[in-house]
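Quick notes on the structure that follows.
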């Protein structure tokens, strides 16, 4: 069996172009991009996903030399698409981190920090708790499989070529940052309102009866009530995750549409 140079180049392009998009998403998306997942494991995951996705891609790969100028442009474009898709999913998880930071500040536990093994940064323990919780719920809801499905669909809406994304797509991507902060406040809103009323009550008590020193018991009471509020509102976090995941995955689908998000 003999293969010509053009056939070898076409066979390489069939797998190598999708691999760059998949690898960029694996490097940027949460769970896959965690620090406890080493580079070799990410490479194997990207390779396995690429092998599974390529047979379902209806569009033929462009017959371009991978080392040519056009080939390098295609590589850069595929990496950009995959990284943007992974970044958009990062915004979903960061919304819960922000919500945990707000709750920690309201409780007086903003100083209690630990190193986040997923991102390698120091975050409050409340944020770490919410991050672990939503990660487990996201996996239990098969969110990672839906992400792979959206990735496979992106090769239909934006085939492998030197162009595809528009400037409008990047503007909408940046605009999702405001959604991240708004969602973080929404997650922390019950704790914000409840703890504000507690602090207001202790403030009124300190003015009415300063001799009993209400602030000496206010700090531990705020922490106890904060944990109680977290326990009561924890079931709603799963509902928030379901709603926000649906929104973000839909935004990722719109992002890889030819015209970008509407």
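A few notes on this one:
- For 231, 87, the sequence from fewest to most other C-beta atoms within 10 Å is 231, 87.
- Label-point separation in nm, residue 253 to residue 37, each point 7 Å along Cα→Cβ: 2.3 nm
- Relative packing of peptides 52-58, 131-137, 149-155 - highest average C-beta neighbours within 10 Å first: 149-155, 131-137, 52-58
- Extension gain, residue 209-residue 186: 0.36 nm per intervening residue step, less the Cα-Cα distance, totals 4.8 nm.
- Using R0 = 35 Å, the C-beta based FRET efficiency linking residue 236 and residue 56 works out to 0.40.
- Extension gain, residue 45 to residue 217, is 56.7 nm, computed as 0.36 nm per intervening residue step minus the present C-alpha separation.
- The fewest-to-most ranking of 236, 34, 245, 183 by surrounding Cβ atoms within 10 Å reads 236, 34, 245, 183.
- Nearest-0.05 FRET efficiency for residue 144 and residue 168, computed from C-beta distance (R0 30 Å): 0.60
- Counted over all Cα-Cα pairs of segment 147-192, pairs farther apart than 11 Å make up 75 percent.
- In this calculation the C-beta distance from residue 132 to residue 15 is compared with R0 = 25 Å, giving a FRET efficiency of 0.10.
Every number in this text was worked out from the coordinates using simple rules, so none of it is lab data. Predicted model, so just to flag it, every value in this text is computed and none were measured. Neighbour counts run over all protein chains shown; Cβ positions are idealised from the backbone, glycine included.
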